[in-house]
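The values are calculated or read from the model by the stated rules, or taken from the named source; none is laboratory data. If you're wondering where the values come from, they're calculated on a predicted model, not measured in any experiment. Quick reminder, even Gly has a Cβ in these numbers, built from the backbone with ideal geometry, and neighbours come from all protein chains shown. For the accessible areas, the whole protein counts, side chains as well, though only heavy atoms, and no ligand, DNA or RNA atoms are used. Shrake-Rupley method; radii C 1.70, N 1.55, O 1.52, S 1.80 Å.
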Amino acid sequence: MRIPPWTEDELVLAGALVVKNGWRELRTGDPEVQELSDLLRSLPLHTPEARSLPSFRSPDSVSRKTTDFMTNHPSYAGKATRCGKPTLLMIQAFTERETDMCLAAEALRDAVGSGELYHIRPRDDEVDETGTSAIEGRLLVRRALARERDPKLRARKIAHVRRQGLPLRCEVCAFDFGRAYGDLGDGYIEVHHITPLHASGVRETKLDDLACLCANCHRMCHRVRPGESWRTPHALRELIQKPTRGAVHYAASASAS
């Protein structure tokens, strides 16, 4: 069995370690390299068979990955090591939004430490059609989706909207399940965290932190492509209002409401 490629989650953790070290590599004997090696070997991302391989995310391999981050950084003057596109995209992400990425790494560590991530089952919609997960990591997307599907959270948000006398419809495209499907769709809507959980920090979710979305817009807020990640409902609304084919969907959904 071959060692599986590094996932975005693993790269987030390795990148944060390099940033913490001033964009310098860490040697195999460094205690932080050993600690990260142990952490990566425990993550529920690969099969038990892969994780049992002696060389899987060994301290040597972790050290080598920190070298990839250092030598492929734009400010490095020496020769760059060879690494794959996912690593280059992660370097770019840390370069362009270091604080956000370090928060993601911290959220991953917190969720691993609490044991939460080991109890959330994988979902089909945590990855896009190409199999590329969010640049913050598949596990954080998995956690976000699991929380957004909490029936109590959804019920509280729906009750809040109705108390305000507002229509229960998508905040992006205005789609109304009740008008489109009659009794079957009455009272149905999905909820979405406007700001990703890793960026908002560990705190109680307020109703204003949530947006009501149709299934399509919810999926598009979470949909990712290489080098891209989550988007807010506001950003998605601006996207579909551009003069593209997306505008057709917006007009059709608005008319249905």
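Screening 54, 48, 31 for residues that are under 22 Å from residue 139 (Cα atoms) and either touching a Phe, Trp or Tyr at 6+ places or on another chain (Cβ under 7 Å) or not polar (S, T, N, Q) (or both) leaves exactly one candidate, 48.
Within region 166-186, residues that are at positive phi reach partners that are of a type in the set (A, V, I, L, M, F, W, C) and surrounded by fewer than 15 Cβ atoms within 10 Å (Cβ to Cβ) with beta carbons closer than 8 Å, at six or more positions or on different chains, in the pairs 174/254. For residue 155, the test of being surrounded by fewer than 21 Cβ atoms within 10 Å (Cβ to Cβ) and closer than 22 Å to residue 239 by Cα is failed.
Quick grid of which residues meet (1) modelled with pLDDT under 95; (2) over 19 Å from residue 8 (Cβ atoms); (3) out of contact with any His (no Cβ under 9 Å at 6 or more places or on another chain):
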{"position": "59", "(1), (2), (3)": "no, yes, yes"}
{"position": "92", "(1), (2), (3)": "yes, no, yes"}
{"position": "95", "(1), (2), (3)": "yes, no, no"}
{"position": "108", "(1), (2), (3)": "yes, no, no"}
{"position": "115", "(1), (2), (3)": "yes, yes, yes"}
{"position": "126", "(1), (2), (3)": "yes, no, no"}
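Mind listing whichever residues of region 72-128 are part of a loop (DSSP other than H, G, I, E, B), basic (Lys, Arg) and within 17 Å of residue 142 (Cα to Cα)? Walk me through how you get there before you give the answer.
From region 72-128, those part of a loop (DSSP other than H, G, I, E, B) are 72-84, 97, 115, 119-123, 128; that's our starting set.
After this cut, where a residue has to be basic (Lys, Arg) as well, the list is 79, 82, 97, 121, 123.
Answer for region 72-128, where residues must be part of a loop (DSSP other than H, G, I, E, B), basic (Lys, Arg) and within 17 Å of residue 142 (Cα to Cα): 121, 123.
Restricting region 38-52 to residues that are open to solvent by 30 Å² or more (accessible area, probe 1.4 Å), touching a helix residue (DSSP H, G or I) at 6+ places or on another chain (Cβ under 8 Å) and not charged (D, E, K, R), the residue that is nearest to residue 117 (Cα to Cα) is 44.
Which residues, counting only those in region 215-238, are modelled with pLDDT under 75, out of contact with any strand residue (DSSP E or B) (no Cβ under 7 Å at 6 or more places or on another chain) and surrounded by 16 or more Cβ atoms within 10 Å (Cβ to Cβ)? Quick ask: steps written out before the conclusion?
Taking region 215-238 as the starting set, the residues that turn out to be modelled with pLDDT under 75 are 224-229.
Next, only the ones that are out of contact with any strand residue (DSSP E or B) (no Cβ under 7 Å at 6 or more places or on another chain) stay: 225-229.
Correct list: 229 only.
Just one of the listed residues (39, 26, 17, 45) is more than 17 Å from the chain's Cα centre (by Cα), more than 18 Å from residue 91 (Cα to Cα) and not charged (D, E, K, R), namely 39.
In region 105-116, the residues that are more than 15 Å from residue 144 (Cβ to Cβ) reach residues that are hydrophobic (A, V, I, L, M, F, W, C) with C-beta atoms within less than 6 angstrom, at least six apart or across chains, in these pairs: 105/12; 105/13; 105/16. Per this entry, residue 35 is counted among residues that are at pLDDT 95 or above and surrounded by fewer than 19 Cβ atoms within 10 Å (Cβ to Cβ).
Scanning region 8-29 for any residue that is in contact with a helix residue (DSSP H, G or I) (Cβ under 6 Å, 6 or more places away or on another chain), assigned to a loop (DSSP other than H, G, I, E, B) and closer than 30 Å to residue 121 by Cα turns up nothing. Checked against (1) of a type in the set (Gly, Ala, Ser); (2) farther than 25 Å from residue 116 by Cβ; (3) touching a Leu at 6+ places or on another chain (Cβ under 8 Å), residue 55 meets all criteria but (3).
What residue, among those in region 160-178 that are within 20 Å of residue 209 (Cβ to Cβ) and aliphatic (A, V, I, L, M), is most open to solvent (accessible area, probe 1.4 Å)? Spell out how you get there, then give the answer.
Pass one, region 160-178, residues within 20 Å of residue 209 (Cβ to Cβ): 160-164, 166, 168-172.
The next check asks that each one be aliphatic (A, V, I, L, M); those that pass are 161, 166, 168, 172.
Numbers: 161: 13, 166: 92, 168: 23, 172: 4 Å².
Ranking the candidates gives 166 first.
Considering the conditions (1) at pLDDT 85 or above; (2) assigned to a helix (DSSP H, G or I); (3) of a type outside the set (Ser, Thr, Tyr); (4) buried (at least 16 other Cβ atoms within 10 Å of the Cβ), residue 198 is excluded by exactly one of them, (1).
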